[in-house]
1. Before we move on, is Glu371 loosely packed, with under 14 Cβ neighbours inside 10 Å, without any contact (Cβ under 8 Å) to a residue 12 or more places away in the chain and either within 24 Å of the chain's Cα centre (by Cα) or outside any loop (DSSP other than H, G, I, E, B) (or both)?
2. Looking at Tyr421, Tyr435, which one is part of a helix (DSSP H, G or I), at pLDDT 95 or above and within 28 Å of the chain's Cα centre (by Cα)?
3. So in the range 263-278, with the set limited to residues that are in contact (Cβ under 8 Å) with a residue 40 or more places away in the chain and over 28 Å from Asp322 (Cα atoms), which one is farthest from the ligand (Cβ to nearest atom)?
4. Could you please find all residues in the range 475-513 being more than 29 Å from the chain's Cα centre (by Cα) and either free of Cβ contacts under 8 Å to residues at least 24 places away in the same chain or outside any loop (DSSP other than H, G, I, E, B) (or both)?
5. Can you list the helices (runs of 4 or more DSSP H) found entirely within the range 123-231 that contain at least 3 residues being under 23 Å from Glu21 (Cα atoms)?
6. Show the residue pairs that are 6+ apart or on different chains and have beta-carbon atoms under 7 Å apart, the first residue being within the range 329-347 and more than 12 Å from the ligand (Cβ to nearest atom), the second being open to solvent by 50 Å² or more (accessible area, probe 1.4 Å) and of a type outside the set (Asp, Glu).
7. Please enumerate the residues belonging to the range 225-248 that are of a type outside the set (Val, Ile, Thr) and within 16 Å of the ligand (Cβ to nearest atom).
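The values are calculated or read from the model by the stated rules, or taken from the named source; none is laboratory data. Computed from a prediction, not measured in an experiment: that's the story for all the values here. Note that we place each Cβ from the backbone using ideal geometry, even for glycine, and neighbour counts take in every protein chain shown. The protein model used for the area step is the full one, side chains on, heavy atoms only, and it has no ligands, DNA or RNA in it. Shrake-Rupley method; radii C 1.70, N 1.55, O 1.52, S 1.80 Å.
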Amino acid sequence: MSASQRYRSTRSASDASISFEEAVMMGLAKDGGLFVPSSIPAFPDSFLTEWKDLSFQQLAFQIMRKYISEQEIPSDDLEKLIEKSYSTFRAPDVTPLNPIDEENGVYLLELFHGPTYAFKDVALQFLGNLFEYFLVRRNASAKSELDREKITVVGATSGDTGSAAIYGLRGKKDVSVFILYPTGRISPIQEEQMTTVEDKNVHTLSVKGTFDDCQDIVKQIFGDKEFNDKYHVGAVNSINWARILAQMTYYVYSFFQLRKNLGTDAASKIRFVVPSGNFGDILAGYYAKAMGLPVDRLIIATNENDILDRFMKSGRYEKTADNSKPAEVKATYSPAMDILISSNFERLLWYLIRDNLAEGDDKKAGSILNEWMTQLKSTGSVVAPESVVAAARRDFDSEKVTDSETASMIKKVYHSHPRKYVLDPHTAVGVTATYRNIERDSTTKESAKYISLSTAHPAKFAEVVNLSLEGVDGYSFEKDVLPDELRVLASKEKRLNLIDEASVEKVKSAIIKALESA
Ligand SMILES: *Cc1c(COP(=O)(O)O)cnc(C)c1O
């Protein structure tokens, strides 16, 4: 099966013909769609016994092997890529499972033990190594520096995600990375994380303006054909298929960890709760379930930017519930989930549409989705038929969580946990959704076990955490939250590169200057 794995665009009405390498290097398909595999492979029949004692890395290999053909990446190379990607994690089992409330069956899956203390490291450490691997291979026969294929990754960040991209790409041959962020609008720790990296291929641009200005500039650079042809602009945003793939591992791994923790092989009802924004994280759980992992439900937790929650309740996929006003992103306590549209949701929609068509009618699903996406773009709204919403409800529940609930949950867990555990605000959104789901189900006999995904370390969101725990007896950010690795950043030298105006021309010349002097 793996020998024939190919990829198709969610908006395409033709056959799946794209290789894994092309899907990874292109990111987005030419027609604006996202890449999906030609088929979802199944786990082996005996995987529950055969895979239960595998390490995180061994499991990653088994799963990835099913999506990447041996001809594209030989097994020895794939093993090395995985080994290298997760050697940068501080926790021996990469993503440890922490029983925070065993009485109620609540377990936190800690995804923040990578270099930048955020779950995005799990995917971006791997993606960075993949980029390097493909470029090294493409450049093997280059005779001179001028012959080498190089890429220039350009991205914008509101603070949290830029550092994960930087740490994924630092020091990679033939890759340069430029991350734009709004001057004075990201936290000191976030700025320190990005600007103290010494590798020559890493550049940060502090742009006088807002995050939206930064994002607009990046979009214009992507649309600039001349610039693109010359500098091969690439992206590492959350629609890249390799990121979804890398995230599947921790669903399967934590499933086995939980079973061991419970001391039973008996099938418990296991639910995953995922703080969601662009829908990339939870989509990996959907694939794991579709491959055969016995997951009871996947629970989408959103903040007040609730497009996903509204879709699950009404079938309407639209930027705003109130069309009389222009749609605006709300700034919440969980900024990494502040979105209007969830870019990866398009992949789920494709599967939901296809599941309602005759067997094998993949091409038709592509043309239907293409129409939906065109309509979404022009009117800001799509209404899915009941059959599609019903299909979504078979696998997913959803909960929407407010800022004040988020802050209360940080406080509640701090008080109730014996070692005064501090949640980051994104994780707190998920934990709030978890307890709500437990309450909803309190009448059923067999209670479920919950794996609630913890997507960031609280030190990255000091402001909200401190606000939530303000005045709490004995609480100290320095003592209870801040890890030494982040503490020392404050004393390192920062490389600041100020762009004094939100201008695409100024950003482009800064990029060109840096590239030509490299
Ligand atoms: C990106 C991010 C999320 C949301 O993940 P999606 O894949 O976009 O749904 C949640 N929490 C944190 C801390 C993040 O950085």
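1. yes
2. After applying the criteria, what remains is Tyr435.
3. Within the range 263-278, the match that is farthest from the ligand (Cβ to nearest atom) is Asp265.
4. Residues of the range 475-513 more than 29 Å from the chain's Cα centre (by Cα): 475-476, 479, 491, 493, 500-501, 505-506, 509, 512-513.
Within the range 475-513, Ser476, Lys479, Ser491, Glu505, Lys506, Ser509, Ile512, Lys513 meet the criteria.
5. 161-169, 225-231
6. Leu340/Lys319; Leu340/Val329
7. Hits for the range 225-248 are Ala235, Asn237, Ser238, Asn240, Trp241, Ala242, Arg243, Leu245, Ala246, Gln247, Met248.
The rows are residues; the columns are (1) out of contact with any Ser or Thr (no Cβ under 9 Å at 6 or more places or on another chain); (2) in a helix (DSSP H, G or I); (3) surrounded by 14 or more Cβ atoms within 10 Å (Cβ to Cβ); (4) free of Cβ contacts under 8 Å to residues at least 60 places away in the same chain.
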site	(1), (2), (3), (4)
Met25	yes, yes, yes, no
Gly32	no, no, yes, no
Val36	no, no, yes, no
Phe43	yes, no, yes, no
Ala60	no, yes, yes, no
Glu70	no, no, no, no
Ile73	yes, no, yes, no
Leu81	yes, yes, yes, yes
Ser85	yes, yes, yes, no
